Amino acid sequence: MLGFVPPLPQQPGRPPSSGHMIVCGDDALARRLAVELRFIYGERVTLLLPPGRDANNPETPLTQRGRAAALFGRMSAAMNRAGNGSGATGGNGSTGGSGDTNAGVEAVRIMEAPEPSDDVLEEAGIDRAAALALVYDDDERNIRAALTARRLNPRLRLVIRLYNRKLGQHLEALLDQAAAVAMPGIDPALLDASTTVLSDADTAAPALAATALTGSSKIIQAEGLLLRAAERPPPRPGEHADPGLCTLALLSSTTNDPAGAEGSDSSGDEAPQLLPDERAVADATGRGTVVLEAISRADPARPATRMGGRGAPLAQIFSRRLRWSALGFALAAVALVIASLLTTKDTALHSAYLTVLDLLGMNDPAEGASPARQIIQILSGIAGLLLLPLLIAAVLEAFGTLRTASSLRRPPRGLGGHVVLLGLGKIGTRVLVRLRELDIPVVVVEEDPEARGIPLARSLHVPTVIGDVTQEGVLEAAKIYRARALLALTSIDTTNLEAALYARSVKPDLRVALRLYDDEFATAVYRTLRTAHPGALTRSRSVSHLAAPSFAVAMMGRQILGAVPVERKVMLFAALEVAGHPQLEGHTVEQAFRAGAWRVLAIDATPPADRNPDLAALPPFDPEGDATPPPSGLVWDLHPGYVLRAQDRVVIAATRRGLAELLRRQRSAVPGR
């Protein structure tokens, strides 16, 4: 494992040296990303934040700078413990919540500015920077800053956070073209990595949706492939746990303790162990496991379906009372036709014709006819009088229903087995799409009627409750007592917690997944909910924690296939070329395995000139236990004796520190990489 990276000496006001990285943002993702780059990859980092609000404001006790300093301090202490094996902090110490920073925290240079303007970026050292991450919550601000940065430094590697996917594709092509014009003859591989557009919502949504659905399955899509990992409980005495294709992680030692804590980077020996070796798995008693159990081709992306069909159904256009009234009138008309047929001895067609004329008031009086015929005409006229208000009511109801067909639906009375989704911001909207692609019934609760995801919920006919989830009656309106799971994704931790506690009081066995940013707060919440409801499933997720590794790897000029949460830790899946990796090239699959760091899962043995970037398009190859190199194709469940060659491309599972070490070694082994 990568040990503690000592703080870099930094003089106040002095610009950073060449090769550093700049992170610009205004929320938790920016701070998480700076932590990832500094303490995992060992890079020099400048963090540009907007000015913090009044520190005396009770709603915001820490400024932006103070929050960042506190997070860096905690991370520095955790890395010290990892490196020293003790709980003491290093000689430089760490900061508290006061917002003051010392030499230890100032390894990350923190600047404050309202906008990343030309002057601000130049002061941050944009001309000498290796990479710039623009992770503001506002797409427009990120686009303006990206255009400015590309003009100031054409060689800069840009990582941009954009929610709009289509706009991101156009922007990436535009900025790559600008870099190619400014640097003729640039290596195509470097140009391909010069601009990367990512979305934290797209990165986190699959993990959040999977947590709400099954609680234990973790599904990621890797370039057209579907990788499914699953949590398995500890084996009973005398039993052996099924390792699946391979064991990816051991869960926390406290997972099965009702008062236990959910493991994170700061959980010490109780934390989950990622990528354990066979001895660690055999020695682990009472611990659950996460195993890779299946790999399959992913189905093509399907559009999200409507919950109520494409049009307004008949049951919504006409009310139940009106439908029963129409049925009664139809039965009365049939009875009149039968009576006319029996009394007049007329044909069925002529009897029906005369009855319809009578109902519509279009016939002459039946003077001189038999008494039976006259009575039937009178009854038909009375029934015809009832037809007019019935037709008017039908027209009014249809008009009103069609007028409101584009409005939000209310949860139907008999709905059950659904997922209650709190919050329709960027994250909640992406999760809603994911759930509807899987045809999972959803009820949305959103306080703001103008929220980002409201138009999507309206177009998909997803039942939506507008109201404050902390107010009594709102969750009841969402049928929480019949739901299968609660997915609390608002941006406020305390709101998510309050909703979860109230939902558990209504349905104690409800599956709950919370969006929580702070690890310490998440641990306390997890312990409390597990103690109060030991039989129910509780999970907490941090969107910034899930997304930060993807942004950090992109700043290093690489891409990851996906991220799987293991409690409060993250495991990454990446595709790497073996060339330039001394830990991989020339080693067997068994020798290349590094416990707690990385593991080779698959190999693409296709020659580089014929290589298809889509892994799912590769022909399958069955090695049949053979350790000789395959001629071409993608191979899973490799023979341990297979020797990795320079021309191979491998799919690996790695920890954040393990992947950082691989990329750092490759960069030092290949000059100019």
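The values are calculated or read from the model by the stated rules, or taken from the named source; none is laboratory data. Source: prediction; values computed, not measured. So basically every Cβ, Gly included, is an ideal-geometry build from the backbone, and we count neighbours across all protein chains shown. All accessible areas refer to the heavy atoms of the entire protein, side chains included, with ligands and DNA or RNA removed. Shrake-Rupley method; radii C 1.70, N 1.55, O 1.52, S 1.80 Å.
Assorted remarks:
- Estimated inter-spin distance, Ala646 and Ile466, nm [label 7 Å along Cα→Cβ]: 6.5 nm
- Stretching the chain fully between Glu123 and Ile375 yields a gain of 80.8 nm (0.36 nm per residue, less the alpha carbon separation).
- When each of the peptides 463-471, 278-286, 656-664, 31-39 is scored by how many other beta carbons lie within 10 Å of its residues on average, the order from highest to lowest is 31-39, 656-664, 463-471, 278-286.
- Whole-percent carbon and sulfur share, accessible surface of the stretch 126-188, 1.4 Å: 53 percent
- Accessible solvent surface per residue of the stretch 421-465, calculated while the other protein chains remain in place, 1.4 angstrom probe, Å²: 30 Å²
- Förster-model FRET efficiency, 41 Å R0, Glu140 and Asp509, C-beta, rounded to 0.05: 0.35
- Extending 7 Å from the Cα toward the beta-carbon at both Glu450 and Glu115 defines two label points whose distance is 2.2 nm.
- Extension reserve of the Trp324-Asp242 stretch, reckoned as 0.36 nm per residue once the Cα distance is removed: 23.7 nm
- Thr494 versus Thr344: modelled label distance in nm, points set 7 Å from Cα along the beta carbon direction: 7.9 nm
- For Ala282 and Asp518, a Förster radius of 30 Å and the Cβ-Cβ distance give a FRET efficiency of 0.30, rounded to the nearest 0.05.
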